[in-house]
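Worksheet: the structure to be examined is printed underneath.
The values are calculated or read from the model by the stated rules, or taken from the named source; none is laboratory data. Please read all numbers here as calculations on a predicted model, not as lab measurements. Every residue, glycine as well, gets a Cβ built from its backbone with ideal geometry; the counts of neighbours run over all protein chains shown. We work out accessible area using only protein heavy atoms, side chains counted, and drop any ligands, DNA or RNA first. Shrake-Rupley method; radii C 1.70, N 1.55, O 1.52, S 1.80 Å.
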Amino acid sequence: MLSNHIAHLHVPSSPTLSGDPRDGRTAFVTVSRPDLDQDAYRTTIERVTADGTARWTAGDHDSAPTLSPDGRSLAFLRVVADEHGGRNAQLAVAPVDGGEARVVTALPLGAGAPVWSPDSTRVAVTARFPEPGRYGSALPESDRRPAADAEAPRLITRLDFHVDGTGYLGDRLQQLVVVDVTDRDAAPVTTALTSAPCSLGSPTWYPDGTALVVTAPRDLGAVETHDEDLYRVDATDGTLALVVRTEGSAGASVFGPDGTLYYVGASHAEGRLVAEPEGLWAARPEAGETTAPTGSAAPVRLTARETVDVDGGPELHGEDVLVTVLDRGTATVRRVPAGTTTPLQLDALPTVLGGHVVVSGFAVDGDLLLATVGTPSSPGEVALVDLSADGAEPTTLTDLAAPLRDADGVRRIEELSGTSADGTPVHGWVVLPEGDGPHPVLRVVHGGPFGQDTWAFFDEAQVYASAGYAVVIGNPRGSGGYGLEHGRAVIGAMGTVDVDDVLALLDAALERPDLDAARVGIMGGSYGGFMTSWVAAHHGERFAAAWSERAVNAWDSFAGSSDIGWFFADAYVGADPEEQRRRSPLTYAGQVTIPFMVAHSEEDWRCPIEQGHRQFVALKRAGVDASFLVFPGEGHELSRSGRPQHRVQRFEHVLAWWAKHLPVTTVA
């Protein structure tokens, strides 16, 4: 894969189905394609058949398809222009058997993913509503719409006031919108059903269609909180009532046939806010509950906190519940059997869709499961599983990776195992270039730290391997997908066992004769950038150069500038300023002796650009051969979802850096 081959990254998402698509029934996905000419992403809704996908809607910015329960209509999001020049995703509905799509909302900042009512007559979405005079809206009793840099000042009194990728929160709360789609002549909906004093999310309809369940911060956000509860919203008047007081967080949910509400969430009972795996929970909410905690339903955890990390779902199959579970670099679909009343360990959850895959989404209809799946050779395909047959092999219906293979091929990935200094096993992979080697090596460290590298196609590793580098990736302690204790091992210990694991996996890779132990570089982003900065200062003699991107370099300023700094720094490092200094790579910048690239985005609110500023200045003052690469207009997610041209330019800079400091061909 070459830098500009990101245009061939055709990635499906949001699967939905009604019947078997191989027999002419309906199934749809969104397919996202980077467009380098337009420097944007084209998202199209495509119908899935036995022969692959075929474009179904006309828009280049359509997404989030959802079939109605009766299978007759498709709700989706379409980006449209309003009368003031704004462009937002609005709810649209189209008949499956043919006909024009109708845009049925005109919400000021657009809509979220649609959710159908059980009787297929209404669609619920979440939407943010701006304070007057902000985000392109008119001032009170005026037609004037101030530009972003001419808005009134914000008075901020809370710590939870902004988030990377979204921006400020308190002046555009997210509410619930319900649209009756049966009247084809109705004007587009512009208002919310609710007027909560906080943002609401993850709507799910009650089976009788009289109400919805939504997530909301505890006590409707009266004070800053990390806890979320489940509330009932009356579908007629929008009133809210607490129905499930959780042990911590809450997300997607679904009602079982007996009225049980299943939801995905994490426990905060031990006071942990980080490295806490999500699980499947069950509760029995009753209509008419009061908002008093004593009147809400008590949830029961159905998956074991020690071994199960739920990443997606829930969906029903009969009385069973299906969820996506992270496990050793995979994300597979597992079954939680009906009647479960106590937490089940990972090995007690039957696998529905497994192997070396990363399932990004799935939907169920009858005995069929439709999933979007990343594999070692593809960033995403659509697979179908027959749930009526235990252990049935999936049928892959698409070949969306064909343009990638045709352009430059896909480099192979091989599993690695190493042993850390204290005997702990370390798991990972090496992505290999063509040829016999010995190849120069890049040790690429993932972010998080509670994330994971996986078996799935990784565009960065593919680009570097195509350029001639062997790319070592893997999951040191602190990563997700290996059990509770593995993920919590770096709490209060960053820069210790995680460093041992990063180097141990590298050592295991360097035992291969096709890798050159004398030519190694290190790089990573976010927490991976922290690790790069730390390792360069403490083990720099092992590496030719370092590339540290969107990194945490100084915990003291991160705590006061990051969107999550007000709790994340204390949770992982502690509140003691001296301990924060000891755990900050910035403290050791003077120990760096190898060439060092600091890369950052100007609008990164997760690891603010001051983190890059401080590291670059400290390195230069220490006499290090350091450079600072700054991307305008981008946030923390540049390498994954930034502008396509910026992603290409980033790759070009990365390859130029390594060509200079770690050339593929050695010079005699």
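Key figures for this structure:
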read-out	value
Which listed residue, of SER249, SER296, is at pLDDT 95 or above and buried (at least 19 other Cβ atoms within 10 Å of the Cβ)	SER249
Pair list, Cβ < 8 Å and 6+ apart or interchain, from segment 449-465 residues that are farther than 9 Å from VAL358 by Cβ to residues that are charged (D, E, K, R) and part of a helix (DSSP H, G or I)	PRO449/ASP498
All positions within segment 245-265 that are of a type outside the set (S, T, N, Q) and more than 20 Å from LEU316 (Cα to Cα)	ARG245, GLU247, GLY248
Count of residues meeting criterion [crowded, with 20+ Cβ neighbours inside 10 Å and either modelled with pLDDT under 95 or closer than 19 Å to LEU176 by Cα (or both)] in segment 69-83	4
Helices (runs of 4 or more DSSP H) completely within segment 403-522 that count 2 or more residues being surrounded by fewer than 20 Cβ atoms within 10 Å (Cβ to Cβ) and modelled with pLDDT of 95 or more	484-488, 497-510
Residue within segment 468-478 that is touching an Asp or Glu at 6+ places or on another chain (Cβ under 8 Å), in contact (Cβ under 8 Å) with a residue 60 or more places away in the chain, farther than 21 Å from ARG411 by Cα and of a type outside the set (A, V, I, L, M) present	yes
Matching residues, segment 566-581, being buried (at least 18 other Cβ atoms within 10 Å of the Cβ) and in a helix (DSSP H, G or I)	PHE568, ALA569, ALA571, TYR572, GLN580
Leading residue by the ranking (surrounded by the most Cβ atoms within 10 Å (Cβ to Cβ)) among those in segment 97-118 that are out of contact with any Ser or Thr (no Cβ under 8 Å at 6 or more places or on another chain) and among the small types (Gly, Ala, Ser)	SER117
Residues within segment 359-400 that are of a type in the set (Val, Ile, Thr), open to solvent by less than 20 Å² (accessible area, probe 1.4 Å) and in contact (Cβ under 8 Å) with a residue 60 or more places away in the chain, tallied	3
Per-region count, segment 582-593, residues of a type in the set (Val, Ile, Thr) and crowded, with 20+ Cβ neighbours inside 10 Å	1
Of residues in segment 198-240 being charged (D, E, K, R) and in contact with a Phe, Trp or Tyr (Cβ under 9 Å, 6 or more places away or on another chain), the one farthest from PRO130 (Cα to Cα)	ARG232
Candidates ALA659, ALA575, ALA571, filtered to the one that is at pLDDT 95 or above and under 17 Å from PHE543 (Cα atoms)	ALA659
Considering residues of segment 528-565 that are among the hydroxyl-bearing types (Ser, Thr, Tyr) and under 24 Å from LEU169 (Cβ atoms) only, the residue surrounded by the fewest Cβ atoms within 10 Å (Cβ to Cβ)	SER561
Pair list, Cβ under 8 Å, 6 or more apart: segment 174-195 residue under 11 Å from ALA235 (Cβ atoms), other residue at pLDDT below 95 and among the hydrophobic types (A, V, I, L, M, F, W, C)	none
Among the candidates THR53, THR43, residue that is over 28 Å from GLY209 (Cβ atoms), without any contact (Cβ under 8 Å) to a residue 60 or more places away in the chain and either open to solvent by 20 Å² or more (accessible area, probe 1.4 Å) or of a type in the set (A, V, I, L, M) (or both)	THR43
Residue count for segment 180-218, restricted to those that are aliphatic (A, V, I, L, M), more than 27 Å from ASP258 (Cα to Cα) and either open to solvent by 70 Å² or more (accessible area, probe 1.4 Å) or within 29 Å of the chain's Cα centre (by Cα) (or both)	4
Single residue of GLU485, GLU541 found to be more than 26 Å from ALA599 (Cβ to Cβ), out of contact with any helix residue (DSSP H, G or I) (no Cβ under 6 Å at 6 or more places or on another chain) and not basic (Lys, Arg)	GLU485
Selection count where residues are without any contact (Cβ under 8 Å) to a residue 60 or more places away in the chain and under 20 Å from GLN591 (Cα atoms), scope segment 511-534	2
Checking GLU634 against (1) over 28 Å from ALA518 (Cα atoms); (2) in contact (Cβ under 8 Å) with a residue 60 or more places away in the chain; (3) not in a helix (DSSP H, G or I), the condition it does not meet	(2)
Extreme residue, nearest to GLY481 (Cα to Cα), among residues of segment 325-358 that are in a strand (DSSP E or B) and either acidic (Asp, Glu) or open to solvent by 60 Å² or more (accessible area, probe 1.4 Å) (or both)	ASP327
Selection from segment 252-272 of residues that are out of contact with any Gly (no Cβ under 7 Å at 6 or more places or on another chain), open to solvent by less than 40 Å² (accessible area, probe 1.4 Å) and without any contact (Cβ under 8 Å) to a residue 60 or more places away in the chain	PHE255, GLY259, THR260, LEU261
Any hit, segment 307-322, residues being surrounded by fewer than 21 Cβ atoms within 10 Å (Cβ to Cβ), among the β-branched types (Val, Ile, Thr) and not in a strand (DSSP E or B)	yes
Only one of GLY133, GLY86, GLY99 that is on the phi > 0 side of the Ramachandran plot and at pLDDT below 95	GLY99
Qualifying residues in segment 84-94 (those that are assigned to a strand (DSSP E or B) and either surrounded by fewer than 16 Cβ atoms within 10 Å (Cβ to Cβ) or in contact (Cβ under 8 Å) with a residue 60 or more places away in the chain (or both)) - the one farthest from the chain's Cα centre (by Cα)	VAL93
Evaluation of LEU662 against (1) open to solvent by 60 Å² or more (accessible area, probe 1.4 Å); (2) in contact (Cβ under 8 Å) with a residue 40 or more places away in the chain (one fails), failing number	(1)
Whichever residue in segment 594-620 is free of Cβ contacts under 8 Å to residues at least 24 places away in the same chain and in a helix (DSSP H, G or I) and, among such residues, is most open to solvent (accessible area, probe 1.4 Å)	LYS620
Selection from segment 124-168 of residues that are among the polar types (S, T, N, Q), surrounded by 15 or more Cβ atoms within 10 Å (Cβ to Cβ) and over 29 Å from the mean Cα position of the chain (by Cα)	SER137
Test: residue in segment 234-245 that is charged (D, E, K, R), open to solvent by less than 40 Å² (accessible area, probe 1.4 Å) and over 28 Å from PHE568 (Cβ atoms)	yes
